[in-house]
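The numbers here are math on the coordinates, done by the rules we state, and not lab data. Just so we're clear, the structure is a prediction, and the values are computed from it rather than from any experiment. Please note: Cβ atoms are built from the backbone with ideal geometry, for glycine as well, and neighbour counts cover all protein chains shown.
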Amino acid sequence: MTAKLIEQITAAFKDQPYTGDDNIVAGNFGEYLEVLRDFKGKRWHELSDDAIAYNRSSLHFLTDEGYRHYLPAYMLFCVKNLQTADMALDATIATLTLSHYRKTEINFKERMSGFTSEQGQAVKAFLEHVHKHMPDLMYPPSKALQAYWSQF
């Protein structure tokens with residue numbers, strides 16, 4: 001199942017366009033600049049596991065386009081390191097959960113509207129995989145599936 005899921009995510013996002021260096025992060029100070037330093041000039045499949053581990057909760061700092069571009073790197077990191085991904089896994093699931101966005105007043109549907117149907121199916125498969133193996137996370141994958149991703 002893991003190899004099939006990795007293949008599905010990779011195939012769904014293989015043509016995801018690079019955002020451009022000026023459209024990666026949503027701010028220009030502190031942690032935003034750290035993320036920009038590590039992600040600038042890199043397509044999602046070029047990010048190292050070390051870069052993702054270091055920036056484990058940085059999906060929150062990305063623009064909508066940056067989020068859609070780099071999400072597959074985070075999903076793959078979490079799938080490959082499911083038992084040890086801890087904060088990266090929690091942060092990734094949180095960003096895929098509608099109720100999390102209501103708390104932070106980020107427009108969830110606008111952010112997610114740029115995904116293709118194939119990408120949505122890959123996200124759904126990722127959430128189902130995590131739910132099967134780790135259902136009791138801080139942000140349960142079941143909430144994300146019920147609220148939005150089950151449509152794919």
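Which whole-number percent gives the relative contact order of the chain, counting Cα pairs below 8 Å spaced six or more residues apart?
It comes to 24 percent, rounded to a whole number.
Which order do THR10, THR97, THR2 fall in if you start with the one that has the fewest other Cβ atoms within 10 Å? Walk me through the numbers on the way to the answer.
On the way: THR10 15, THR97 24, THR2 11.
Sorted ascending by nearby Cβ count, the order is THR2, THR10, THR97.
Over the chain, how many pairs of lysines fall under 14 Å by alpha carbon, counting only those 8 or more apart in sequence or from different chains?
So the count works out to 6.
About its Cα centre, how strong a charge dipole does the chain have in debye, to the nearest 20, once Lys and Arg get +1 and Asp and Glu get -1 at the Cβ?
380
Below 14 angstrom from the Cβ of ASN81, what's the summed charge of the other residues (Lys, Arg +1; Asp, Glu -1)? Display every interim value, and only then the final one.
Numbers: positive: ARG56, LYS80; negative: ASP49, ASP50, ASP86, ASP90.
For residues surrounding ASN81, the net value is -2.
Which of the listed residues, MET134, PHE115, LEU82, is farthest toward the dipole's positive end in the chain, when Lys, Arg count +1 and Asp, Glu count -1 at the beta-carbon?
In the chain, that residue is MET134.
Regarding the chain, what is the average projected area of its C-alpha convex hull, in nm²?
It is 8.0 nm².
What value, in deg cm²/dmol to 500, does the helix sum -39500 (n - 2.57) over DSSP H runs of n ≥ 4 give at 222 nm once divided by the residues of the chain?
That calculation yields -17500 deg cm²/dmol at 222 nm.
Extending each Cα 7 Å along its Cβ direction at MET134 and ASP49, get the distance between those two points in nm, one decimal.
1.4
Mind giving me the FRET efficiency for LYS14 and SER57? R0 is 25 Å, r the Cβ-Cβ distance, nearest 0.05 is fine.
0.45
Would you please put 62-68, 29-35 in order of how densely packed they are, using the mean number of other Cβ atoms within 10 angstrom per residue and starting with the highest?
Most protected by this proxy first, the peptides run 62-68, 29-35.
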